[in-house]
Amino acid sequence: MTGRQEKKTPPFREILSPAQEDYIETIFNLTGEMEKVRVTDIAERLGVRMPAVTRAVQGLEKIGMVNRDDVQGIRLTSIARKLAGALVHRHSDLVFFLTEVLGVDENTAESDTCQMEHGISPETAQSLHEFLKEYAGLDEDTRQQLRSSSTKSEFRFLPDGKGSGWRA
């Protein structure tokens, strides 16, 4: 072995920004809903302007995440489809955890998930998934007890801000 260390290719989550992950996830979801994904479809779904989408798609194309042409529209490459599947799975696990286990309302859970899903490691995502599989196997009475204990927290009713919660 020489004094040089072999360079490892970093995982995509260290290369892609949260915004790029959102675009990949959105393209993946739209692909399941329509025949041809266009910039206008992405802009509408994400609530952003078309020039911003065009720049984002061009950036994803440069790093090999999407292909685009006039006939087939915007398509994810095979590696991007694999990544998107993991992102969608992580998203749905987080929403389920927040709504079903912690009792958070669906709108808040969706909003919070969009923030959380980009910050957790693959290991944490896998552990959450394993927990949810165990949770699903519990009888309804046990699941109800867990849900009711999470809604009685004294911190649920504290105001938002730096001083609220147990880490104050």
Do you know which residues across region 103-119 are more than 9 Å from the chain's Cα centre (by Cα) and surrounded by 16 or more Cβ atoms within 10 Å (Cβ to Cβ)?
103, 104, 109
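Every residue in region 112-157 that is among the hydrophobic types (A, V, I, L, M, F, W, C) and either modelled with pLDDT of 90 or more or part of a loop (DSSP other than H, G, I, E, B) (or both), please.
The first filter runs over region 112-157 and keeps only residues among the hydrophobic types (A, V, I, L, M, F, W, C), leaving 114, 116, 120, 125, 128, 131-132, 136, 138, 146, 155, 157.
Within region 112-157, 116, 120, 125, 128, 131, 132, 136, 138 meet the criteria.
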Among the numbered criteria (1) modelled with pLDDT of 95 or more; (2) within 16 Å of residue 118 (Cβ to Cβ); (3) among the β-branched types (Val, Ile, Thr), which single criterion is violated by residue 15?
(1)
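Going through region 80-98 one residue at a time, which ones are aliphatic (A, V, I, L, M) and touching a residue at least 40 places away in the same chain (Cβ under 8 Å)? Outline the logic, then answer.
Taking region 80-98 first, the residues aliphatic (A, V, I, L, M) are 80, 83-84, 86-88, 94-95, 98.
80, 83, 84, 87, 88 - these are the residues of region 80-98 that are aliphatic (A, V, I, L, M) and touching a residue at least 40 places away in the same chain (Cβ under 8 Å).
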Could you tell me whether any residue of region 82-94 is of a type in the set (Asp, Glu) and more than 17 Å from the chain's Cα centre (by Cα)?
no
Name the residues in region 74-108 that are modelled with pLDDT under 95 and not in a helix (DSSP H, G or I), would you?
102, 103, 104, 105
Of 71, 48, 37, the only residue that is buried (at least 17 other Cβ atoms within 10 Å of the Cβ), over 17 Å from residue 91 (Cα atoms), modelled with pLDDT of 90 or more and not basic (Lys, Arg) is 37
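The values are calculated or read from the model by the stated rules, or taken from the named source; none is laboratory data. Keep in mind that what you see is a predicted model, and the values were worked out from it rather than measured. For neighbour counting, all protein chains shown are included, and Cβ atoms are generated from backbone atoms with ideal geometry for every residue, glycine included.
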